[in-house]
Amino acid sequence: MRDLPLLSLVTFLPLVGVVFIFPLRGEVEKVANNARWIALWTSLATFLLSVYLWLQFDPGTADFQFVERASWLPQYNITYHMGIDGISLPFVILTTALMPICIIASWKSVTLRVREYMMAFLILETLMVGTFCALDLVLFYLFFEGGLIPMFPIIGVWGGPRRVYASFKFFLYTLLGSILMLVALIVMAITESE
């Protein structure tokens, strides 16, 4: 099983849940209940897979483990490069452990657009795990900044009394940091090519 692309499985398994939740239609309560169960089982499967990663992880080496590399945009020297070390592994475990807890915690409290809420959380899980596993800087940037997309509606639709204000403030502050990071990436790419 170690030959399988375990990091890609842990990263993108939540999207399988999204694929099953997205076509759900019908009675609102039934759709909501099915979406909750699909999201819970998907997040639990992702957590169990991340526990398997942890059990197979060799703490005796400082090298990246479970490394996956595939050519993506070779003309720009951008690759799909994933791997974990002793620092990123606990964050992957923590992320995958918190997702089922978040879904269970919202089981009764979220009653508006439950299907979309569960899909947003599963997409967010993929982006967070990808952030901790990415070894290519551009891939890291895409995962990290992609996390803004589901977070914006999570805050804006299902947040507290001032949720719209909070979501716009969140978006503007993180956008400023995103632009600065993008400028830094461009400068690094230019200086590397010279």
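The values are calculated or read from the model by the stated rules, or taken from the named source; none is laboratory data. Computed from a predicted structure; not experimentally measured. Every residue, glycine as well, gets a Cβ built from its backbone with ideal geometry; the counts of neighbours run over all protein chains shown.
Are any residues in segment 134-177 over 17 Å from the mean Cα position of the chain (by Cα) and not hydrophobic (A, V, I, L, M, F, W, C), and if so, which ones?
Passing the criteria: Gly156, Gly159, Gly160, Pro161, Arg162, Arg163, Tyr165, Ser167, Lys169, Tyr173, Gly177.
Of the numbered criteria (1) within 21 Å of Glu68 (Cα to Cα); (2) touching a residue at least 40 places away in the same chain (Cβ under 8 Å), the one Leu4 fails is (2).
Restricted to segment 40-159, the set of helices (runs of 4 or more DSSP H) holding at least 1 residues that are among the basic types (Lys, Arg), farther than 30 Å from Met181 by Cα and modelled with pLDDT of 95 or more comprises 114-133. Might you let me know whether segment 76-97 holds any residue that is surrounded by fewer than 15 Cβ atoms within 10 Å (Cβ to Cβ), out of contact with any helix residue (DSSP H, G or I) (no Cβ under 7 Å at 6 or more places or on another chain) and more than 20 Å from Leu127 (Cα to Cα)? Looking through segment 76-97, at least one residue is surrounded by fewer than 15 Cβ atoms within 10 Å (Cβ to Cβ), out of contact with any helix residue (DSSP H, G or I) (no Cβ under 7 Å at 6 or more places or on another chain) and more than 20 Å from Leu127 (Cα to Cα). Sub-9 Å Cβ pairs linking a first residue in segment 20-44 that is over 19 Å from Ile101 (Cβ atoms) to a second residue that is surrounded by 14 or more Cβ atoms within 10 Å (Cβ to Cβ) and of a type in the set (S, T, N, Q), at least 6 apart or interchain, are Phe20/Asn34; Phe20/Thr42; Leu24/Asn34; Gly26/Asn34, ordered by first then second residue. Residues of segment 126-164 that are more than 20 Å from Cys102 (Cβ to Cβ) and either free of Cβ contacts under 8 Å to residues at least 60 places away in the same chain or touching a His at 6+ places or on another chain (Cβ under 8 Å) (or both): Ala134, Leu135, Asp136, Leu137, Leu139, Phe140, Tyr141, Leu142, Glu145, Pro161, Arg162, Val164. Remark: Ser178 falls outside the filter, which requires a residue to be touching a Phe, Trp or Tyr at 6+ places or on another chain (Cβ under 7 Å) and more than 16 Å from Ala39 (Cβ to Cβ). Filtering segment 160-180 to residues that are farther than 15 Å from Tyr117 by Cα and assigned to a loop (DSSP other than H, G, I, E, B) leaves Pro161, Arg162. Criterion applied to Ala70, Ala105, Ala32, Ala120 was being under 21 Å from Leu6 (Cβ atoms) and among the aliphatic types (A, V, I, L, M), and the one residue passing it is Ala70.
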